[in-house]
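Below is one structure, written out as structure tokens; comments come after it.
The values are calculated or read from the model by the stated rules, or taken from the named source; none is laboratory data. Quick caveat: nothing in here was measured; it's all calculated off a predicted structure. Virtual Cβ from ideal backbone geometry, glycine too; neighbours counted across all protein chains shown.
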Amino acid sequence: MRPFFVSLTLCLGAACTAALAVPLAPGATAHPALAHPGSLGKRAGTAAGHRTPGAGDLPGTTQSLPLDALGPAAPGTAVRSTAAPPATGTRALPARTVRPFSLVGIVWDDIRSALPGRAQVRTRTLGTGRWTGWQDLPTDSDDAPDPGAGEHAGGRERGSTAPLWVGVSNAVQLRITPPQGNRHPAALPSGLRLELVDPGPEPHSVRGGPPPTPAADASSAANAKLAPLGATEIPAQDQAASQADIEAAGGKKPTAPAHLGARPRIVTRAGWGADERLRETRFVYTHTVRAAFVHHSASGNNYTCAQAPSVIRGLYRYHVKSSHWRDIGYNFLIDKCGTVYEGRAGGVARPVMGAHTLGFNTDSTGIALLGSFGRTEPSKAAVEALARLTAWKLGLYGLDPRARVPMTSTGGNLYHRGRVVRQHVISGHRDGFKTACPGARLYAELPEVRLEAARLQGR
């Protein structure tokens, strides 16, 4: 089926010109339009933007800045937020005022290509006018759909960095440093673009809320056995009542109590404000669920629990509009307060095909904890929610969270196509793909999560 939206990318003003200026230090004086937040209205046209026609009810936008003419960063220029001047060969996009955005990432044309070196951004916070320090954008394209999985929403899937949540900002600066030991700029992939995502307001702040659409009705109807049409959440229920959810997953009514954890409360797509007109309308299912792959969103930890729906809307728009996926890649998301959110549309109990673990998206479910957990411990509430969610979701398919299951790779950087791998029923992303995800601190929690999920199933 054809995508249900039109992708429109514009190129306005300075965004399409070569960028040859040296990056500004955080305390440096800039052009007046860059130095004062009040100048935003005068320079709002400096960034390209695209949005879905008729999306006035949830007016998220994506500004897309071409990076095909990055200029050199002067070797002797000191930058206050780093211990040393920019490395030789560093290329930069000078500080630029743009329309407000909250999430930033980089995309390029071919998902099979890599972005070499280290990519960093710093942003200016709206209101305070203060610049952040330099922050990394992980350059591995490790959350990705499987080849041939029909993810072509708005064109061929793009390569992408993990996006970074920066809060509401109105200016951005970028630099790309060559790989370690390489003093000369590496060849960058074609079609390189900086994506600046505004997730739009919270649904309850929009008068009357989003109007009903066929796509919204279909998304809600996929959970009809668990919640009424249009519900903003699927309520929690106890272990005994959750036995009926096996039928919602497509299974037969159990004749005896199954090992199934109690269903946790799940905020639906309507609850976090998904604009259903963005995604591809057709749902894609796998045969079953054999494993859960755990991720971190790598979008940073600088968000409040009240902002979590905005972060998810930003990820959704980035995956669909920027990366050209059919929908958000994860099947579920969990915030730092332990709230569970429905991810990809198609029904939380069903075996929905995700785009999260290249090589092992078939017959798996992808769960992302919002945040970055390489050096930061995940919250206790988030880890406990992960155990409750996996106890329920895996129990629907008769799976013991402590077990291993054989899975066949569809191809990736860790296992070649056709390789049969015995994966943990609860695996980390790095178990299926060579990546740092889900972060060392979260990965270290998974043995206890397996035991706790099994206990919650009554095993």
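Would you call Pro163 surrounded by 22 or more Cβ atoms within 10 Å (Cβ to Cβ), of a type outside the set (Gly, Ala, Ser), in contact with a helix residue (DSSP H, G or I) (Cβ under 9 Å, 6 or more places away or on another chain) and at pLDDT 90 or above? Before the answer, list the steps.
Working: surrounded by 22 or more Cβ atoms within 10 Å (Cβ to Cβ): yes; of a type outside the set (Gly, Ala, Ser): yes; in contact with a helix residue (DSSP H, G or I) (Cβ under 9 Å, 6 or more places away or on another chain): yes; at pLDDT 90 or above: yes.
In short, yes.
For the structure I just gave you, tell me whether Arg158 is at pLDDT 80 or above, closer than 27 Å to Asn331 by Cα and out of contact with any strand residue (DSSP E or B) (no Cβ under 7 Å at 6 or more places or on another chain). No, not satisfied.
Considering segment 358-425, the qualifying strands (runs of 3 or more DSSP E), each wholly inside and each with 3 or more residues that are surrounded by 24 or more Cβ atoms within 10 Å (Cβ to Cβ), run over 364-369.
Reported count of residues in segment 422-442, each being without any contact (Cβ under 8 Å) to a residue 24 or more places away in the chain and touching a strand residue (DSSP E or B) at 6+ places or on another chain (Cβ under 7 Å), is 1.
Note on segment 87-108: residues that are on the phi < 0 side of the Ramachandran plot, buried (at least 17 other Cβ atoms within 10 Å of the Cβ) and not in a strand (DSSP E or B) total 2.
Name every residue in segment 297-322 that is farther than 17 Å from Gly343 by Cα and within 12 Å of the chain's Cα centre (by Cα), in order of residue number. Selection gives Gly300, Ser322. From the list Ala453, Ala440, Ala444, pick out the single residue that is at pLDDT 95 or above and touching a helix residue (DSSP H, G or I) at 6+ places or on another chain (Cβ under 7 Å). Going through Ala453, Ala440, Ala444 in turn, just one is at pLDDT 95 or above and touching a helix residue (DSSP H, G or I) at 6+ places or on another chain (Cβ under 7 Å): Ala453.
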